[in-house]
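*Asks:* This is the structure, below, for whatever I ask next.
The values are calculated or read from the model by the stated rules, or taken from the named source; none is laboratory data. Note that the structure is predicted; figures quoted are calculated from it, not measured. Methodologically, a virtual Cβ is constructed for each residue, glycine included, from the backbone with ideal geometry; neighbour enumeration extends over all protein chains shown.
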Amino acid sequence: MIATPVHEITDMAANTAAALKPALAAELEERRVALPMLPEAAFAALQLLSSPDPDFRTLSSLVHRDAALATGLIRAANSPAYYVGRKIVSIQQAIVRLGGRAVGEIVLAMAIEGKNARVPGFEPEMRALHEHGIITAVMAQEVARIRRGNVEEAFLGGLVHDLGRSVLIETVQKLCIRQRLPVDHGAVRLVADEFHQRVGAMVGSSWSLPEPVVAAMGGHHQPKSLDEGGLELPHLIALADMLAHRYRRHGEPDLAHPSMVALHIYAEDLQTLFAARERLDARIGAFR
Ligand SMILES: [Fe+2]
Ligand SMILES: [Fe+2]
């Protein structure tokens, strides 16, 4: 498993961040920040996942044209979560073994990673963010299943909840260069901590993602209470985010997480979930 790079927050990082924040705020205000486009494969995967009567043709033809997606699907079909005694070598077999939902989820995860993988100097951060997105997606899906809620929306919400961070890594790096400031990883993290929800929500709306997903991208750290018109998904993602961090560190779930009440999730639900580590590892491993 990939360790999240921890950069010490030095005085220089804090000063650089303080210099960057007003400039970034102005760029966001004037809509001068370049937002990523929704990748074609992600669009096809989203359609597949949201349709009650999924049509594989678009996705299948995309996978046939894209070697990375094809390899990813075949690898997933042979991973412990799906392996059933015979090694798969073709895309067609992989699609049959995985089934519609898993194909959609894997393509979605890969398409979103592909969008964010290459920022020179920040590869470890990008990999860690992708890994965190996948673990959060799987955790969100598990919590949604316990609640008999919308499993696909939970998966999508978990996968993209911190997308604003990866967009900001690129934006802030460019901003540092333009402002002749040192590209300090700690400073980038501080700026991303503060702005990633706002930027995430901008990306989510520009991709026309479902409203609850955009709300979760924009407000998963302190989700608005349901009594004040808040939605359930931001709470579910807040909980899944905590679970993902604890899980990665081999820790125990925080059984006093504030969103448990809103979601009617009990301590034993989370304990049972973490007791199934082997199954969860296999689920997460299918996305690697
Ligand atoms: Fe976040
Ligand atoms: Fe997160």
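*Asks:* Based on what the data block shows, is residue 192 assigned to a helix (DSSP H, G or I), over 19 Å from residue 169 (Cα atoms), touching a residue at least 24 places away in the same chain (Cβ under 8 Å) and within 15 Å of ligand 2 (Cβ to nearest atom)?
*Replies:* Here the answer is no, as residue 192 does not meet what is asked.
*Asks:* Does region 17-59 hold any residues that are outside the structural domain of residue 177 (by TED's automatic domain parsing), within 23 Å of the chain's Cα centre (by Cα) and in a helix (DSSP H, G or I), and which are they?
*Replies:* Hits for region 17-59 are 40, 41, 42, 43, 44, 45, 46, 47, 48, 49, 50, 59.
*Asks:* Okay, next question. Kindly indicate whether residue 261 is assigned by TED's automatic domain parsing to the domain that holds residue 159, at pLDDT 95 or above and buried (at least 20 other Cβ atoms within 10 Å of the Cβ).
*Replies:* no
The rows are residues; the columns are (1) among the basic types (Lys, Arg); (2) outside the structural domain of residue 109 (by TED's automatic domain parsing); (3) within 13 Å of the chain's Cα centre (by Cα); (4) away from ligand 1 (no atom under 14 Å from the Cβ).
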site: 163; (1), (2), (3), (4): no, yes, yes, no
site: 181; (1), (2), (3), (4): no, yes, no, yes
site: 185; (1), (2), (3), (4): no, yes, no, yes
site: 189; (1), (2), (3), (4): yes, yes, no, no
site: 207; (1), (2), (3), (4): no, yes, no, yes
site: 238; (1), (2), (3), (4): no, yes, yes, no
site: 254; (1), (2), (3), (4): no, yes, no, yes
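*Asks:* Counting only residues that are under 26 Å from residue 204 (Cβ atoms) and of a type in the set (D, E, K, R), which one in region 70-122 is modelled with the lowest pLDDT?
*Replies:* My answer is 115.
*Asks:* Further, regarding this structure: From the list 214, 143, 151, 203, exactly one residue is in contact with a Ser or Thr (Cβ under 8 Å, 6 or more places away or on another chain) and under 22 Å from residue 105 (Cβ atoms). Which is it?
*Replies:* Matching residue, one of 214, 143, 151, 203: 214.
*Asks:* When both residues are 6+ apart or on different chains and their Cβ atoms are under 9 Å apart, which pairs have a first residue that lies in region 141-155 and is assigned to a loop (DSSP other than H, G, I, E, B), and a second that is surrounded by fewer than 22 Cβ atoms within 10 Å (Cβ to Cβ) and of a type in the set (A, V, I, L, M, F, W, C)?
*Replies:* 147/263; 147/265; 149/263
*Asks:* For residue 267, only one of the following conditions fails: (1) of a type in the set (A, V, I, L, M); (2) surrounded by 22 or more Cβ atoms within 10 Å (Cβ to Cβ); (3) out of contact with any helix residue (DSSP H, G or I) (no Cβ under 6 Å at 6 or more places or on another chain). What is its number?
*Replies:* (2)
*Asks:* Could you check region 62-100 and list, in sequence order, the residues that are touching a residue at least 24 places away in the same chain (Cβ under 8 Å), in a loop (DSSP other than H, G, I, E, B) and loosely packed, with under 15 Cβ neighbours inside 10 Å?
*Replies:* Selection gives 80 alone.
*Asks:* Would you confirm whether or not region 220-232 contains a residue that is within 11 Å of ligand 1 (Cβ to nearest atom), part of a helix (DSSP H, G or I) and among the aliphatic types (A, V, I, L, M)?
*Replies:* Within region 220-232, none of the residues are within 11 Å of ligand 1 (Cβ to nearest atom), part of a helix (DSSP H, G or I) and among the aliphatic types (A, V, I, L, M).
*Asks:* Working carefully through the options 288, 283, find the one that is assigned to a helix (DSSP H, G or I), out of contact with any Leu (no Cβ under 8 Å at 6 or more places or on another chain), more than 14 Å from ligand 1 (Cβ to nearest atom) and not aliphatic (A, V, I, L, M).
*Replies:* 283
*Asks:* Would you be able to say whether some residue in region 128-137 is touching an Asp or Glu at 6+ places or on another chain (Cβ under 6 Å) and more than 14 Å from ligand 2 (Cβ to nearest atom)?
*Replies:* No - not one qualifying residue is present in region 128-137.
*Asks:* Only one of these is under 17 Å from residue 260 (Cα atoms) and either within 13 Å of ligand 1 (Cβ to nearest atom) or not charged (D, E, K, R) (or both): 133, 149. Name it.
*Replies:* That would be 149, the only listed residue that is under 17 Å from residue 260 (Cα atoms) and either within 13 Å of ligand 1 (Cβ to nearest atom) or not charged (D, E, K, R) (or both).
*Asks:* Looking at (1) part of a loop (DSSP other than H, G, I, E, B); (2) surrounded by fewer than 17 Cβ atoms within 10 Å (Cβ to Cβ), which is the one condition that is false for residue 209?
*Replies:* (2)
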